[in-house]
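Derivation of every value follows stated rules applied to the coordinates shown; laboratory data play no part. Predicted model, so just to flag it, every value in this text is computed and none were measured. Counting neighbours? That spans all protein chains shown, and the Cβs are built from the backbone with ideal geometry, glycine included.
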Amino acid sequence: MLATTGIYHRLITHKSYQAPVWVKWVGSVVAASAGQMGPSWWKAHHLAHHLHTDQVLDSHSPHTAPRGVGGFLWSHGIWLLSRRCFPTRLPSDVENDRVLRMIDRLHFIPLIALGAISYGIGGLEYLGAFFLSTTLLFHGVQTVNSLAHIFGAQPFATDDQSRNNSLVALLTLGEGWHNLHHAFQASSRQGITIRDGQVVYLPDPTFRFVKLMEFFGLASKLRVPAETDLLARAKHQEPAYVSSSL
């Protein structure tokens, strides 16, 4: 999950911090081993999602046809069985990195290798654990597409249905603070909201992971919006004062 949230999403897709190129390579192999496809595929779909959020060209919105339960199921994974599974355009920065491009094209190999290693270590029981953990992680990631666009708070003004959802944040190590992410896409910290005119920081394990990487010199130039900018983007603006509490 951290490879998906911290590497695929916040580093490779949104460049919310900088890291040595080998961190991208290793993180991409780990994310691919979790069945999250390759870095080019992942970034292409996610950028398209931000460009057309909850509109017709959004590949996995619960607010386009079909709607209701059908829309939820579509956004939660059925879209992967459609032609929309194939992105129309791949990101040039990822494609220009030969290692990332190779990982993208051979994304199934780390997944199969992890399953084989699991079986080699503990037989059918470990192989079953591999399938179970991979399935749970898949559904956890998909809740960002489904639940986080249906249920939750919208403290920040955006032109979409993105929500801050604490359950999704718990399942995805901080990705569920989705309304903040849509308001400030490049922020390395997503666990932020507004309460009573104050900036309040929420649990965000992925951000803590990035901060730990920064401590060891593996991450730098972390991008986080200023509190004045956060207050200015508040959906229901109140008297401007900020809290420095973490």
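Tell me the angle of helix 39-51 to the major Cα principal axis of the chain, expressed in degrees between 0 and 90 and rounded to the nearest ten.
That helix lies at roughly 30 degrees to the long axis.
Alpha carbon centre of the range 143-172 versus the range 51-123: separation in Å?
The two parts, judged by their Cα centres, are 20 Å apart.
7 Å from Cα along Cα→Cβ at both residue 112 and residue 81: what's the point-to-point distance in nm?
For residue 112 paired with residue 81, the spin-label model returns 2.4 nm.
For residue 235, go through the aspartates and glutamates and keep the ones whose alpha-carbon is under 13 Å away, minus same-chain ones fewer than eight residues off.
159, 160, 196
Go ahead and run the numbers for FRET between residue 221 and residue 26, Cβ-Cβ distance against an R0 of 22 Å, rounding to 0.05.
Working: r = 20 Å, r/R0 = 0.89.
Using R0 = 22 Å, I get an efficiency of 0.65.
Using the alpha-carbon atoms, what tilt in degrees (0 to 90, nearest 10) does helix 108-145 show relative to the longest principal axis of the chain?
Here the helix axis deviates by roughly 30 degrees.
Got a sec? How would 24, 43 order by Cβ neighbour count within 10 Å, fewest to most? Working shown, then result.
On the way: 24 20, 43 23.
Final ranking by Cβ density, sparse to dense: 24, 43.
With just the Cα atoms defining each centre, how far is the range 1-19 from the range 20-40? Give it in Å.
Taking the Cα centre of the range 20-40 as reference, the centre of the range 1-19 is 10 Å away.
Just rank 10, 223, fewest to most, by other beta-carbon atoms within 10 angstrom. Can you show the working numbers first?
Working: 10 29, 223 16.
Ordered from fewest to most neighbouring Cβ atoms within 10 Å, 10, 223 come out as 223, 10.
Among [x] 6, 26, 29, 16, 8, 7, 5, 2, 1; [y] 8, 30, 36, 21, 5, 1, 0; [z] 8, 33, 37, 18, 4, 0, which one is P(r) over Cα pairs in 10 Å bins from 0, in percent computed from these coordinates?
Comparing each candidate, only [y] matches the computed number.
Against the longest alpha carbon principal axis of the chain, how many degrees, from 0 to 90 and to the nearest 10, is the axis of helix 21-33 turned?
The helix 21-33 is inclined about 70 degrees to the chain.
With r defined as the distance between the Cβ atoms of residue 129 and residue 96 and R0 fixed at 41 Å, what FRET efficiency is calculated, to the nearest 0.05?
Computed FRET efficiency for residue 129 and residue 96 comes out at 0.65.
For residue 57 and residue 153 in the same chain, what is the full-extension length gain: residue separation times 0.36 nm, less their Cα-Cα distance, in nm? Don't skip to the end; give the middle numbers.
Numbers: separation 96, 0.36 × 96 = 34.56 nm, distance 2.43 nm.
This chain segment gains 32.1 nm when fully extended.
Mean separation of Cα pairs under 8 Å and 6+ residues apart, divided by the residue count of the chain: what relative contact order is that in percent? All intermediate terms of the calculation are to be shown ahead of the outcome.
Numbers: 410 pairs, mean separation 49.9, N = 246.
20 percent.
Fewest to most neighbouring Cβ within 10 Å: what's the order for 233, 98? Please report the intermediate quantities before stating the final value.
Details: 233 17, 98 8.
Sorted ascending by nearby Cβ count, the order is 98, 233.
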